[in-house]
1. When you go through (1) modelled with pLDDT under 95; (2) of a type outside the set (Asp, Glu); (3) within 18 Å of the chain's Cα centre (by Cα) one by one for residue 350, which number turns out not to apply?
2. Any idea how many residues of segment 208-234 are more than 14 Å from the chain's Cα centre (by Cα) and within 14 Å of residue 121 (Cβ to Cβ)?
3. How many residues are in a loop (DSSP other than H, G, I, E, B) and surrounded by fewer than 24 Cβ atoms within 10 Å (Cβ to Cβ) when one looks only at segment 288-299?
4. For segment 300-332, give me each residue that is β-branched (Val, Ile, Thr) and surrounded by 16 or more Cβ atoms within 10 Å (Cβ to Cβ).
5. Identify, please: which residue in segment 72-84 is under 16 Å from residue 182 (Cβ atoms) and either surrounded by fewer than 24 Cβ atoms within 10 Å (Cβ to Cβ) or β-branched (Val, Ile, Thr) (or both) and is, among those, nearest to the chain's Cα centre (by Cα)?
6. Could you go through segment 269-287 and let me know if any residue there is surrounded by fewer than 16 Cβ atoms within 10 Å (Cβ to Cβ) and free of Cβ contacts under 8 Å to residues at least 24 places away in the same chain.
7. Among the candidates 83, 108, 115, 101, which residue alone is closer than 22 Å to residue 309 by Cβ and either touching a Leu at 6+ places or on another chain (Cβ under 9 Å) or not in a loop (DSSP other than H, G, I, E, B) (or both)?
8. Mind telling me which of the residues 65, 48 ends up being touching a residue at least 12 places away in the same chain (Cβ under 8 Å) and more than 22 Å from residue 183 (Cα to Cα)?
Amino acid sequence: MKLKILCAAVVAAMCSIGSAAAERWSAEKANAWYDQLPWMAGSDYIPATAINQIEMWSADTYDRATIDKELAWAQDLGFTTLRVYLSSVVWKNDPVGMKERMDDFLGRCKDHNLRPVLVFFDDCWNEESVYGLQPAPKPGEHNSGWVKDPAISLRADTAAVYPVLKAYVQDVLKRFKDDDRVLMWDLYNEPGNGTKHNISLDLLKNVFAWARDVNPSQPLTSGVWSDQGEINTVQLACSDVVSYHCYSDEKYHATVIDSLQRYGRPLVCTEYMARTHGSKFQNIMPLLKKHKVVAINWGFVAGKTNTIFSWEKKMPDVKEPPVWFHDIYRQDGTPFDPEEVKLIKSLTGKK
């Protein structure tokens, strides 16, 4: 991940996008906010019974019992945050119900001492999405049912889709803008991944402007994840706290931390831990704690997302790979590797 260090003038110019109703947090404000927090760790989270964001948040498939059970396991590890994807599809069809379920979820998180990072848009995996019944997982295929949000087919007609997306973002933010159960807002996951970059860039600029209009009390971010040119520039210039993804080993990950520390803002690693890539709890989590970088690994409980399998190779005839790519627990609560759980607890201070 090669990241350009931006000068103050560029930062100021990039952050003037959209309304002037609110400004990006100063580095001093961001660091003062972060200084009040302990070092935090957690996982990207979706219940094992959901294949994607739509299934997690829809009325018929919102699984309170599973969520409660799994959040208790997260608390037992000493985790204090989760990163959770929302769904514009569910909001469009059931805005009141989705916000009610979000309120329920945040209440359950608070019961388990967890403050989640909530994600709006996403450029990863399947290009189209539908409301209602979601597909069954494809055996041995990583994230076979995960969907981009918004769907690619909607993005060309910005005059039609942007008012809907703006209403979605601002409706959710207005409801939870001063809710201390929310740690921060991740406005756009991996913009530019598998899409036309100019479309993602425009939506990225707009979602920052829409969010600034609401001016939530929690910080805003969008994580850099690869060399994406101007997309990276906007992300780094407009985020209150700097977030990023890195699935490489500790030597490379250390260089990423070093390059991002130069921005003088809190650091949040919102995705790491791919065992077969050399990104493991054993070598990455201590590095993140050393530098007080929030440590959020991809995957918690092995389930319908099939993220125990690598994104690089489909294995339709394999029930379980010998080395899991992501995830910590099986659905019965037993860990893939008990030694990992011991390590995590030692780092989080959980006895």
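The values are calculated or read from the model by the stated rules, or taken from the named source; none is laboratory data. Everything quoted here is computed from the prediction, not taken from an experiment. Neighbour counts run over all protein chains shown; Cβ positions are idealised from the backbone, glycine included.
1. Status for residue 350: all satisfied but (3).
2. 6
3. The total comes to 3.
4. 301, 305, 307, 308, 328
5. The qualifying residue nearest to the chain's Cα centre (by Cα) is 84.
6. There is no residue in segment 269-287 that is surrounded by fewer than 16 Cβ atoms within 10 Å (Cβ to Cβ) and free of Cβ contacts under 8 Å to residues at least 24 places away in the same chain.
7. Exactly one residue qualifies, and that residue is 83.
8. 48
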